[in-house]
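The values are calculated or read from the model by the stated rules, or taken from the named source; none is laboratory data. Since the model is a prediction, treat every value here as computed from it, not as a measurement. Here Cβ is always computed from backbone atoms with ideal geometry, including for glycine, and neighbour counts include all displayed protein chains.
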Amino acid sequence: MVDDLWVSVGSTNFDNRSFRLNDEANLNVYDRAFAQRQNAIFDDDLQHAKAYDYARWERRPWTEKLAEHGAALLRSQL
């Protein structure tokens with residue numbers, strides 16, 4: 001959601017792989033009712049989300065930390 005009128009839906013990420021290698025696409029929708037519905041969906045998702053701060057992130061399980069290090073080896077491909 002960009003504002004109360006414009007919603008951009010798609011797979012494009014702001015990284016070099018998305019811009020240079022991947023076939024990515026976004027659909028920009030300019031419709032107030034659609035934007036309101038997307039905002040409502042986002043607000044509902046936010047109600048079910050967990051807040052993370054640095055201290056909580058530091059306490060994540062060692063298995064997650066190990067997975068992050070493994071993923072770092074594939075950084076250029078992810």
Task: helices (runs of 4 or more DSSP H) enclosed by the chain - at least 1 residues per element that are surrounded by 10 or more Cβ atoms within 10 Å (Cβ to Cβ), of a type in the set (A, V, I, L, M) and without any contact (Cβ under 8 Å) to a residue 12 or more places away in the chain - done: 32-47, 62-72
Task: Where Y52 falls short, out of the listed (1) under 30 Å from S76 (Cβ atoms); (2) at pLDDT 95 or above; (3) of a type in the set (S, T, Y) - done: (2)
Task: Pick from the stretch 10-43, criterion among the hydrophobic types (A, V, I, L, M, F, W, C) and modelled with pLDDT under 90, ranking: farthest from R75 (Cα to Cα) - done: A25
Task: Selection from the stretch 4-39 of residues that are more than 17 Å from the chain's Cα centre (by Cα) and not basic (K, R) - done: D4, L5, W6, L21, D23, V29, Y30, D31, A33, F34, A35, Q36
